[in-house]
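Below: one structure, written as structure tokens.
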Amino acid sequence: MVRYWLMKSEPGAYSIDDLERDGTTHWDGVRNHQARNLMRDDVKVGDLVLFYHSNADPPGVAGVAKVVREGYPDFTAWDPKDRHFDPRSDPEAPTWSMVDIAFVERFRDPVPLRSLKDDPALDGMLVTQRGQRLSVQPVEKHLFKRVLDLAKRSPAG
């Protein structure tokens, strides 16, 4: 059964354009235990991902990706030269996990967070809720489809 997710990335660090260029990437650097648990335990090959640009102007959903490798240890935690280095993580008992995703689609125009919040059909979507900062979030199927519908609309409506 396919599940649906939203994964956040700052476009200056890694954008939907980078994923389109690379084809696939490992989704590393998640340093929140709840998000780590989702990637380690729940995210499966074939699941679909809303690729969300956070810390952008405006923030919003920029495209779609697909999970191509299930959770495995995030090796960036063990590299002192990597910006995601975690000296407490041990290769013998890894603290952090990551998954691999592949490019599916880049939206012509991102769906801004403001549009997500203003759409009553998206009530309950975690990213629209105040204080919700998880970088990996589950998304219900009907909400995922609604975001795709919004992405197909022209900016003028």
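The values are calculated or read from the model by the stated rules, or taken from the named source; none is laboratory data. Computed from a prediction, not measured in an experiment: that's the story for all the values here. Quick reminder, even Gly has a Cβ in these numbers, built from the backbone with ideal geometry, and neighbours come from all protein chains shown.
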Task: Of the criteria (1) within 20 Å of VAL64 (Cβ to Cβ); (2) touching a helix residue (DSSP H, G or I) at 6+ places or on another chain (Cβ under 9 Å); (3) touching a residue at least 24 places away in the same chain (Cβ under 8 Å), which one LYS141 fails - done: (2)
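Being crowded, with 17+ Cβ neighbours inside 10 Å and part of a helix (DSSP H, G or I) is the filter here, so list the residues in region 1-35 that pass it.
ILE16, LEU19, ALA35
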Task: Restricting region 28-47 to residues that are of a type outside the set (D, E, K, R) and touching a helix residue (DSSP H, G or I) at 6+ places or on another chain (Cβ under 7 Å), the residue that is farthest from THR76 (Cα to Cα) - done: VAL30
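Results for (1) under 20 Å from TYR52 (Cβ atoms); (2) surrounded by fewer than 18 Cβ atoms within 10 Å (Cβ to Cβ); (3) among the basic types (Lys, Arg), shown as yes or no for each residue.
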site	(1), (2), (3)
VAL67	yes, no, no
TYR72	no, yes, no
THR76	no, no, no
ASP90	no, yes, no
MET98	yes, no, no
ILE101	yes, no, no
ASP109	yes, yes, no
ASP123	yes, yes, no
TODO: Would you mind finding the one in LEU48, LEU38 that is surrounded by 20 or more Cβ atoms within 10 Å (Cβ to Cβ) and out of contact with any Asp or Glu (no Cβ under 8 Å at 6 or more places or on another chain)?
DONE: LEU38
TODO: Quickly run through region 85-124 and pick out the residues that are hydrophobic (A, V, I, L, M, F, W, C), assigned to a loop (DSSP other than H, G, I, E, B) and touching a residue at least 40 places away in the same chain (Cβ under 8 Å).
DONE: TRP96
Task: Scan of region 70-84 for residues that are over 18 Å from ASN32 (Cβ atoms) and either touching a His at 6+ places or on another chain (Cβ under 8 Å) or part of a loop (DSSP other than H, G, I, E, B) (or both), ordered by number - done: ASP79, PRO80, LYS81
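Quick check on my filter: what residues within region 37-55 are modelled with pLDDT of 95 or more and over 12 Å from the mean Cα position of the chain (by Cα)?
Within region 37-55, ASN37, ARG40, ASP41, ASP42, LYS44, VAL45, GLY46 meet the criteria.
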